[in-house]
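Just so it is clear, none of the values below were taken in a lab; they were calculated from the coordinates. If you're wondering where the values come from, they're calculated on a predicted model, not measured in any experiment. Neighbour counts are summed over all protein chains in view; Cβ atoms, including those assigned to glycine, are modelled from backbone coordinates with ideal geometry.
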Amino acid sequence: ILATRAERPVIVNEDVNEAMMKVIAGPEKRSRIRTERDQKITAFHEAGHAVVMHYLETADPVHHITIIPRGRSLGTTWSLPGEERSHLTRNEMFEDIVGLLGGRAAEEIVFRDITTGASNDIDRASDTARDMVARFGMSKRLGTISYLSDDEVFIGGSYGKTKSYSEQVAGTIDEEVKTVIDSAYNKALELLNTHRDKLDAVTAFLLEHENMTGDQFRTIMDGESS
């Protein structure tokens with residue numbers, strides 16, 4: 001459809017990439033009013049995700065970065081796996097969280113403040129951390145026990161999940177989840193502070209061009225560091 005609209009006789013990579021992004025995140029919303037401040041925050045946020053992911057051992061390669069609004073997001077960073085994975089290790093899940101928190105960490109470093117833009121990232125990071133701790137037995141304090149249940153019961157007009165553990169265990173789960181999140185966030189801050197020049201360079205490119213391919217990103221990242 002995209003190739004036909006552009007009156008191209010063949011489908012090119014640009015069409016495939018745009019179709020994929022449209023399905024995943026929705027159509028571009030260039031008509032959405034964006035202030036210079038919003039653009040700058042979004043650019044640093046998305047650059048933070050990408051730069052952090054670049055320096056993580058297990059993260060998938062960055063495929064595309066945009067600061068053009070799509071769907072409900074003001075910007076998006078996509079990564080594509082180099083190979084199919086049937087299992088996730090504890091370190092892979094932890095580094096997924098580090099990458100998710102890279103945007104919030106960039107905001108704190110650059111603006112000395114934080115915004116609401118990381119809400120979805122935080123939700124996803126929290127869910128992953130809770131799965132690590134309470135579903136997959138990846139907490140030394142709690143041991144190799146699964147505390148999460150998918151069973152649902154009808155409670156007072158709504159559905160809720162049954163809880164098969166004590167309030168003390170629930171408290172320990174919360175503490176362990178916070179420990180994972182705090183550790184991941186500190187790792188993201190450390191990486192961005194160490195590679196602040198790359199964060200600034202990627203952000204500058206995004207502010208000028210709005211879109212950045214994986215190859216363009218790697219060209220900047222593979223350049224000589226200051």
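What the table shows:
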| read-out | value |
| --- | --- |
| Where labels lie 7 Å past Cα in the beta-carbon direction, separation of Ile145 and Glu7 in nm | 7.0 |
| Karplus 3J(HN,Hα) series, Hz, for the range 56-69 with 6.51 cos²θ - 1.76 cosθ + 1.60 (x for Gly, Pro) | 8, 5, 10, 5, 5, x, 5, 9, 6, 10, 9, 10, 8, x |
| Mean Cβ neighbour count within 10 Å, used as a protection proxy, ranking 59-66, 179-186 highest first | 59-66, 179-186 |
| Surrounding net charge for Leu199, when Lys and Arg each add one and Asp and Glu each subtract one, Cβ distance under 14 Å | -2 |
